[in-house]
Amino acid sequence: MRTVYDVIIRPIVTEQSMEQSDIKKYAFEVAVDANKIEIKNAVEKIFGVKVEKVTTTHVRGKQRRNGAYPSGFSAGWKKAVVKLTESSKTIEFFEGMV
């Protein structure tokens with residue numbers, strides 16, 4: 001059985017994601033096989049908020065080189081942007097970052 005902490009891997013703290021925190025949108029790296037319902041339930045349980053909408057996207061790995069000839073790719077991952085309802089409180093983790 002997978003726990004909610006297995007679904008949400010880490011928050012994504014970038015300049016673009018911090019600008020969206022004003023409209024209650026937060027970005028997370030999630031498990032590759034997690035679906036939107038699992039992500040919604042995990043965020044609601046961990047942070048105690050009400051989620052309105054979840055959008056997901058697969059981020060492809062970038063091509064990397066080790067030395068001259070052998071090239072490969074960094075690992076791909078899944079990103080979820082979570083929009084909270086208007087009546088919901090904000091996530092305190094992102095408050096000090098702005």
Dipole axis of the chain (+1 Lys, Arg; -1 Asp, Glu on Cβ), positive-most option in SER88, ILE9, SER21
ILE9
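Can you give me the % of accessible surface on the chain that is carbon or sulfur? Probe 1.4 Å, all protein chains present, nothing else counted. Could you put the intermediate results ahead of the total?
Values: 3510 of 6770 Å².
Roughly 52 percent of what the probe reaches on the chain is carbon or sulfur.
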Any chance you could check the Cα centroid distance between the stretch 43-94 and the stretch 1-33 for me, in angstrom?
5 Å
Environment charge at THR14 (Cβ cut-off 13 Å; Lys +1, Arg +1, Asp -1, Glu -1)
0
Which lysines, if any, have their Cα less than 20 Å from the Cα of LYS53, not counting same-chain residues under 8 positions apart?
LYS24, LYS25, LYS36, LYS40, LYS45, LYS78, LYS79, LYS83, LYS89
Degrees, to the nearest 10: 36-47 long Cα axis against longest axis of the chain:
60 degrees
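Report the net charge of residues surrounding SER87, where surrounding means a beta-carbon distance below 12 angstrom and charges are Lys +1, Arg +1, Asp -1, Glu -1. Mind dumping the intermediate values first?
Details: positive: LYS24, LYS50, LYS89; negative: GLU52, GLU86.
Residues near SER87 contribute +1 overall.
Between GLU92 and ARG64, what's the calculated FRET efficiency when r is the beta-carbon distance and R0 is 30 Å? Round to 0.05.
Numbers: r = 36 Å, r/R0 = 1.19.
After rounding to 0.05, the efficiency reads 0.25.
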Note, ARG2: beta-carbon cut-off 11 Å, +1 each Lys/Arg, -1 each Asp/Glu, net -3
Calculate for the chain the 222 nm mean residue ellipticity that helices alone would give, adding -39,500 (n - 2.57) per DSSP H run of length 4 or more and normalising by residue count, nearest 500 deg cm²/dmol.
-5500 deg cm²/dmol
Run the numbers on the chain and let me know its relative contact order in percent, using alpha-carbon pairs under 8 Å that are six or more apart.
31 percent
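The values are calculated or read from the model by the stated rules, or taken from the named source; none is laboratory data. Keep in mind it's a predicted model, so treat the numbers as computed, not measured. Here Cβ is always computed from backbone atoms with ideal geometry, including for glycine, and neighbour counts include all displayed protein chains. Heavy atoms of the whole protein, side chains included, go into the accessibility calculation; ligands, DNA and RNA do not. Shrake-Rupley method; radii C 1.70, N 1.55, O 1.52, S 1.80 Å.
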